[in-house]
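Notes follow once the structure below has been shown.
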Amino acid sequence: MNGGILRTYCKGVRIASDEHLGYAYDEFARGNRTRKEFADFFAVPKADMVAWARDMVGRRRLDLPPITYFTRIEPTNGKERLIGRASAKQQFLDYVCITALQELFEAKVGYHQCASVKGKGQKHARRYIQRWVRDPESRYYVKLDVNKYYPSIDRAVLFAMLERDVRNPDLVWLIESLIETHRVGLNIGSYLSQYLANYYLSGAYAYAYSLSRVRKGRRGRPSTREALVDHVLTYMDDWLVMGHDKANLKSAVRKIARYLRDVLHVTVKPWKVCRVDCEPVDMCGFVFRKDRTTIRAGIFRRARRAILRANRTRCLTPHIAARIVSYWGYFKVTACRSFRDRHGLGALVATCRRVISASAREIGGIHEEGAFLGAARAADVPLA
């Protein structure tokens, strides 16, 4: 709020311009161009796709294939999720919106609202949670989990937020039109949904940090105002709220849950206040204790099976290699040195990276015939 006037964002973005659509196309192509399901999309010249998007925005009419849905069961917790797979054209339009909304997200999304924000993923969350847990002043915490978050998002509330904060009619129309193609709430699997889900909770995040109480002074000392919480971090729909005073923390969490219910129309699962030194914090794939950080048990078991399988096999496929490298991020920052040394994990990861690199060169088709043969041989690197 500035001088009583609510600030708005994205006023100068022309989403139908060739410059913006071309930039969004390049961002979408980065990392997606070689995917088989997008082959038909990238077979069409870039200029034609830009012209199609510009014409669609000008006519204010979406012409997209319907989203296909499938059910996925999470291997770590058994949760059932309804995932929507949008067409390549719709995913391109998601990038058109996201690149236009960067100013809004930078202003509204909180510093510790992790996931989907560049530079604020799992690494950011782990670093700060680990620091807070080891702080002697951090004594209590509460974990909040929003019930069925994506499907529960109230579109009317989200649209009202966008119309309040975004002063760009074409952009607001495109976002709302894309969201209306989702079956209910926001679609899990949509690139646009990831960012809007964080934006939807930004008001609740700011509200949590604003909570305070007045502590009356004693023996002639003046009254002081103290915050009810010390730290708040969200990892998409999972919340971690920490404080040094149990009563203040409990009061704050009740108010946060009430705000989520009354303002955003989402509910949280049952929660309790925990002591940091008695119950470790289990969040974003890690388990945080005062003296060490370990990997969540379910993830460790799956990673261990993959590592043992890779060590037993005579040759590594790119698929197995990619799994090993993805798990390496957990092992290199946690208290797992004896496991790493016992299974030669460092050498295994180096081999897996060579396999992935050789496979990428082969798929990209950027090598000559001799290099192609070398990459084909390297794609199955013997471990012994």
Can you tell me which residues in segment 255-278 are loosely packed, with under 13 Cβ neighbours inside 10 Å, without any contact (Cβ under 8 Å) to a residue 60 or more places away in the chain and among the charged types (D, E, K, R)? ARG258, ARG261, ASP262
Output the residue which, of all residues in segment 100-142 that are more than 14 Å from the chain's Cα centre (by Cα) and among the small types (Gly, Ala, Ser), is surrounded by the most Cβ atoms within 10 Å (Cβ to Cβ). ALA100
Here is a list of conditions, (1) in a loop (DSSP other than H, G, I, E, B); (2) more than 21 Å from the chain's Cα centre (by Cα), and VAL266 meets all of them except one; can you say which number that is? (2)
Hey, VAL117 hits all of (1) part of a loop (DSSP other than H, G, I, E, B); (2) β-branched (Val, Ile, Thr); (3) modelled with pLDDT of 95 or more but one; which does it fall short on? (3)
Within segment 284-326, work out how many residues are buried (at least 17 other Cβ atoms within 10 Å of the Cβ), among the small types (Gly, Ala, Ser) and within 26 Å of the chain's Cα centre (by Cα). 3
Which numbered condition ARG33 fails, given (1) open to solvent by 70 Å² or more (accessible area, probe 1.4 Å); (2) in a loop (DSSP other than H, G, I, E, B); (3) of a type outside the set (Ser, Thr, Tyr); (4) closer than 18 Å to LEU174 by Cα: (4)
Assess whether ASP94 counts as being open to solvent by 80 Å² or more (accessible area, probe 1.4 Å) and acidic (Asp, Glu). no
Boolean, ARG258 is in a helix (DSSP H, G or I), within 27 Å of the chain's Cα centre (by Cα) and closer than 30 Å to LEU345 by Cα: no
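Listed here are the residues, each with its yes/no results for (1) open to solvent by less than 70 Å² (accessible area, probe 1.4 Å); (2) within 26 Å of the chain's Cα centre (by Cα); (3) not basic (Lys, Arg).
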| site | (1), (2), (3) |
| --- | --- |
| CYS10 | yes, yes, yes |
| GLU37 | no, yes, yes |
| VAL50 | yes, no, yes |
| VAL57 | yes, no, yes |
| ARG61 | no, no, no |
| THR68 | no, yes, yes |
| ILE73 | no, yes, yes |
| GLU80 | no, yes, yes |
| ALA88 | yes, yes, yes |
What do you reckon, is ARG218 more than 23 Å from GLY121 (Cβ to Cβ) and assigned to a strand (DSSP E or B)? no
All positions within segment 156-201 that are assigned to a helix (DSSP H, G or I), open to solvent by 40 Å² or more (accessible area, probe 1.4 Å) and not aromatic (Phe, Trp, Tyr): ALA156, ALA160, GLU163, ARG164, PRO169, ASP170, GLN194
Six or more apart or on different chains, Cβ under 7 Å: which pairs go from a residue in segment 56-71 that's under 13 Å from ALA16 (Cα atoms) to one that's open to solvent by 70 Å² or more (accessible area, probe 1.4 Å) and part of a loop (DSSP other than H, G, I, E, B)? Could you list them? MET56/ASP63
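Here are SER223, SER177: which of them is of a type in the set (Ser, Thr, Tyr) and free of Cβ contacts under 8 Å to residues at least 12 places away in the same chain? Reasoning before the result, please.
Values: SER177 fails: free of Cβ contacts under 8 Å to residues at least 12 places away in the same chain.
Just one listed residue meets the conditions, SER223.
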Selection from segment 327-339 of residues open to solvent by less than 20 Å² (accessible area, probe 1.4 Å) and assigned to a helix (DSSP H, G or I) yields PHE331, PHE339
Looking at the structure I just gave you, is VAL146 of a type in the set (A, V, I, L, M, F, W, C), at pLDDT 95 or above and surrounded by 13 or more Cβ atoms within 10 Å (Cβ to Cβ)? yes
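The values are calculated or read from the model by the stated rules, or taken from the named source; none is laboratory data. Quantities reported herein were computed from a predicted structural model and do not represent experimental measurements. Every residue, glycine as well, gets a Cβ built from its backbone with ideal geometry; the counts of neighbours run over all protein chains shown. For accessibility, only protein heavy atoms count, side chains too; no ligands or nucleic acids. Shrake-Rupley method; radii C 1.70, N 1.55, O 1.52, S 1.80 Å.
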